[in-house]
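The values are calculated or read from the model by the stated rules, or taken from the named source; none is laboratory data. Keep in mind the model is a prediction, meaning the values are calculated, not measured. Cβ placement follows ideal geometry from the backbone for every residue including glycine, while neighbour counts extend to all protein chains displayed.
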Amino acid sequence: MKKNRYKNIRINSEVKKVISEAIRFSKDPRISPMTSVMEVVVAPDLKTCKVWVSVLGEEEDRKSTMEGLKSASGYIRSTLARELNLRNTPELRFIMDASVEYAIRMSKRIDEVMEKDEEARRMRGEDQDEDREDDKMENRDEIPEEDRREEGLKETQEENGWDED
């Protein structure tokens, strides 16, 4: 069983490399240059292959890239057959992966929230309190590690209302 798993991982990796190169050198103008192959899963029988692609850009770019990929799937499949010596050349199914765009969108939202939080702190005048905490942290580095652990344990016990035994 293990042998097949490692074999499938190697096949998926090689297929991903070949498909990525084929997409990069494709002459179809509909395929965006900002297209990345995120994941490839080849079925154990080598008959089908799911290819997750990510396209940075507008919704129109994504749609035209998917149309271009579907149109170029024959070319990509023949390149795959030429480059890899597999028993069967899998039929390709392209799936749009929006995880990169989602991560970028979430990162922007986090940055916006951090800016608003920083602005609110400035409005309340809490910058001075942060400076005092920073000074405490700098001084804390000068304390030996064993003492810091004991100090942290005492703080935890006080916060939770535990008595020292």
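List of remarks:
- Strands (runs of 3 or more DSSP E) contained in region 1-118 and holding at least 1 residues at pLDDT 90 or above, among the charged types (D, E, K, R) and touching a Lys or Arg at 6+ places or on another chain (Cβ under 7 Å): 48-55, 91-96
- Residues of region 8-54 classified as over 19 Å from E67 (Cβ atoms) and among the basic types (K, R), total: 4
- Out of E112, E59, E83, sole residue that is surrounded by 13 or more Cβ atoms within 10 Å (Cβ to Cβ) and either touching an Asp or Glu at 6+ places or on another chain (Cβ under 8 Å) or not β-branched (V, I, T) (or both): E83
- Residue match in region 67-77 (condition: surrounded by 11 or more Cβ atoms within 10 Å (Cβ to Cβ) and within 24 Å of N4 (Cβ to Cβ)): yes
- Only residues that are within 16 Å of V53 (Cα to Cα), free of Cβ contacts under 8 Å to residues at least 60 places away in the same chain and polar (S, T, N, Q) were counted across region 1-38, and they come to 6.
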